[in-house]
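Novice: My structure is below; once you've seen it, I'll send some questions.
The values are calculated or read from the model by the stated rules, or taken from the named source; none is laboratory data. Predicted model only: the values in this text are computed from it and were never measured. For neighbour counting, all protein chains shown are included, and Cβ atoms are generated from backbone atoms with ideal geometry for every residue, glycine included. When the accessible area is computed, the model is the full protein with side chains, heavy atoms only, and any ligands, DNA or RNA have been set aside. Shrake-Rupley method; radii C 1.70, N 1.55, O 1.52, S 1.80 Å.
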Amino acid sequence: MATAAASLRYFPSSLSKRSPGAASGGLVKLSHRRALSAARVAAPSREAEPVASLGDLTRVEFPILHQEFDGAKLVYFDNGATSQKPYIVMKTLDEYYRTYNSNVHRGIHVLSAKATDAYEGARTKVANFVNAADSREIVFTRNATEAINLVAYSWGLSNLKQGDEIVLTVAEHHSAIVPWQFVSQKTGATLKYVGLTKEEVPDIEQFKGLLSNKTKIVVVHHVSNVLGSMLPIEDIVTWSNRVGAKVLVDACQSVPHMPVDVQKLGADFLVASSHKMCGPTGVGFLHGKLDILSSMEPFLGGGEMIADVFQDKSTYAEPPSRFEAGTPAIGEAIGLGAAIDYLSQIGMQKIHEYEKELATYLYESLISVPNVRIYGPAPCKTDHRAPLCSFNVENVHPTDIAEILDLQHGVAIRSGHHCAQILHRTLGINSSARASLHFYNTKEEVDVFVHALKATIDFLTSEH
């Protein structure tokens, strides 16, 4: 009974106990009105009353955040690995499985039609969210990793040959490196890596120097999951196009945190994951220019991706169906659509502005701790960091830090190489600790984290 009761707190049957605004995903605005109303009643002088932050206003929508472990309130600072989910996303998933679970595209009955409309509606929401020119440019995948593999196998194996070059940076996630190593081994193409500057950001001048008529594709991150830095994608696309190279952008750490306009960026391919943008796990997407997608061979074979099947051959559907073989992650895609609705209601520019402030506060608070070394550039007026800091403490292992923060203080961060071993080796380290924030985090949580970190360092460095 306890387990069942706990589950009710997270799903729609409990939403009736909450305000109508919460059930519709509108609690952000409702809470804001309540906060302002309370401020007016409690303090006639508005200037004396602190304004509730975006983190304060939105975190009520995330049930997982309201937990305690051994008396310590949970501080979730592992958003670079995955984000938490608001009520409306769980409500949407629950509604799909309770009321219209069915396979898409293949049935004429009511359930199938409703599921198909919701699934394709989610595709349209993704397209609008990143300003794609056409919803057919959005391919649903299991995650960003699969999206990159799709491009590597479907475009890379058909277009690369011995003597061609693939340009990457040393700061890429393994998911953006390993698939191209496979392609390199199969085709004879060469991998070229851009190093770091003394400010610990990818060296743009070196990048420009590596480009040549041998360069066929450039694979780069938008925002680094370790350094917190952002690359000038529009410039990179311009320079790459001059030598005839395609560009693939890993936008997993940018799409959830800032407005991303694929038409403005101009990249040929862009990938992102649902689970980092308040949506479910198990679904991500590839944006590809329609003419390029139409020229590519299928990635996987099976149902849905075909036009006609004969005994000795098959013909293929047009994109995006060509790249979505088999039954897709229907509920997850619909849940992603709900997450996009939620983020759009808040406003990505509002999220970005708040997170820039939060990022600076995190960096300045963390750098004040003795013997802490933060990797990546310092924030400044022109170059803003993402709301994450990878760091080490002198003579203390990052895994010990993460473990004690969790066990003794209820603070969840990540330790390890963050799927970026090449970058860590370039920095001269094997691993680091990482605190990564999202819009539902607050400065007060940063204070709790820094206080807990100081206590953890004292605990680990004191003589027992």
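Novice: What tally of residues in region 200-228 results from selecting those that are open to solvent by 10 Å² or more (accessible area, probe 1.4 Å) and hydroxyl-bearing (Ser, Thr, Tyr)?
Specialist: Residues in region 200-228 being open to solvent by 10 Å² or more (accessible area, probe 1.4 Å) and hydroxyl-bearing (Ser, Thr, Tyr): 1 in total.
Novice: I've got another one for you. Can you tell me which residue is farthest from Leu157 (Cα to Cα) among those in region 195-219 that are part of a strand (DSSP E or B) and aliphatic (A, V, I, L, M)?
Specialist: The selected residue is Leu196.
Novice: Let me ask something else about it. Are there any helices (runs of 4 or more DSSP H) wholly within region 17-86 with 1 or more residues that are out of contact with any Pro (no Cβ under 9 Å at 6 or more places or on another chain), at pLDDT below 50 and loosely packed, with under 13 Cβ neighbours inside 10 Å, and if so which?
Specialist: Counting at least 1 such residues, we get 20-23, 27-42.
Novice: Anything in region 401-414 that is surrounded by 20 or more Cβ atoms within 10 Å (Cβ to Cβ) and under 15 Å from Leu437 (Cα atoms)? List them, or say none.
Specialist: Matches in region 401-414: Val411, Ile413, Arg414.
Novice: So for region 183-199 (the condition being within 30 Å of Met348 (Cα to Cα), open to solvent by 40 Å² or more (accessible area, probe 1.4 Å) and acidic (Asp, Glu)), does at least one residue qualify?
Specialist: Yes, some residue in region 183-199 is within 30 Å of Met348 (Cα to Cα), open to solvent by 40 Å² or more (accessible area, probe 1.4 Å) and acidic (Asp, Glu).
Novice: Can you name every residue in region 228-252 that is farther than 25 Å from Ser184 by Cβ and either out of contact with any strand residue (DSSP E or B) (no Cβ under 8 Å at 6 or more places or on another chain) or not in a strand (DSSP E or B) (or both)?
Specialist: Gly228, Ser229, Pro232, Glu234, Asp235, Thr238, listed by residue number.
Novice: Just to confirm my filter: which strands (runs of 3 or more DSSP E) fall fully inside region 115-194 and include at least 2 residues that are in contact with a Ser or Thr (Cβ under 8 Å, 6 or more places away or on another chain)? First the steps, then the outcome.
Specialist: Values: elements: 138-141, 165-169, 190-194.
Ranges flagged: 165-169, 190-194.
Novice: Test of understanding: among Gly209, Gly156, which residue is at pLDDT 95 or above, touching a Pro at 6+ places or on another chain (Cβ under 9 Å) and over 28 Å from Ala435 (Cβ atoms)?
Specialist: Step by step, each of Gly209, Gly156 is checked, and only Gly156 is at pLDDT 95 or above, touching a Pro at 6+ places or on another chain (Cβ under 9 Å) and over 28 Å from Ala435 (Cβ atoms).
Novice: With under 16 Å from the mean Cα position of the chain (by Cα), charged (D, E, K, R) and modelled with pLDDT of 95 or more as the only criterion, which of Asp250, Asp235 stands out?
Specialist: Asp250
Novice: Criterion first (of a type outside the set (Gly, Ala, Ser), farther than 27 Å from Thr145 by Cα, free of Cβ contacts under 8 Å to residues at least 12 places away in the same chain and not in a strand (DSSP E or B)) does Lys381 satisfy it?
Specialist: Yes: the conditions hold for Lys381.
Novice: Any residue in region 155-171 that is under 25 Å from Asp291 (Cβ atoms) sitting within a Cβ distance under 7 Å of a residue that is buried (at least 21 other Cβ atoms within 10 Å of the Cβ) and of a type in the set (Gly, Ala, Ser)? List the pairs, counting only those 6 or more apart or interchain.
Specialist: Listed by first residue and then by second, the contacts come to Leu160/Ala189; Lys161/Ala189; Asp164/Ala189; Glu165/Ala189; Ile166/Ala189; Leu168/Ala176.
Novice: In addition: For region 173-182, enumerate the residues that are open to solvent by 60 Å² or more (accessible area, probe 1.4 Å) and touching a residue at least 12 places away in the same chain (Cβ under 8 Å).
Specialist: Answer for region 173-182, where residues must be open to solvent by 60 Å² or more (accessible area, probe 1.4 Å) and touching a residue at least 12 places away in the same chain (Cβ under 8 Å): just Phe182.
Novice: Go through region 253-276 residue by residue and tally those that are outside any loop (DSSP other than H, G, I, E, B) and either closer than 14 Å to Val151 by Cβ or not charged (D, E, K, R) (or both).
Specialist: Residues flagged as outside any loop (DSSP other than H, G, I, E, B) and either closer than 14 Å to Val151 by Cβ or not charged (D, E, K, R) (or both) within region 253-276 amount to 10.
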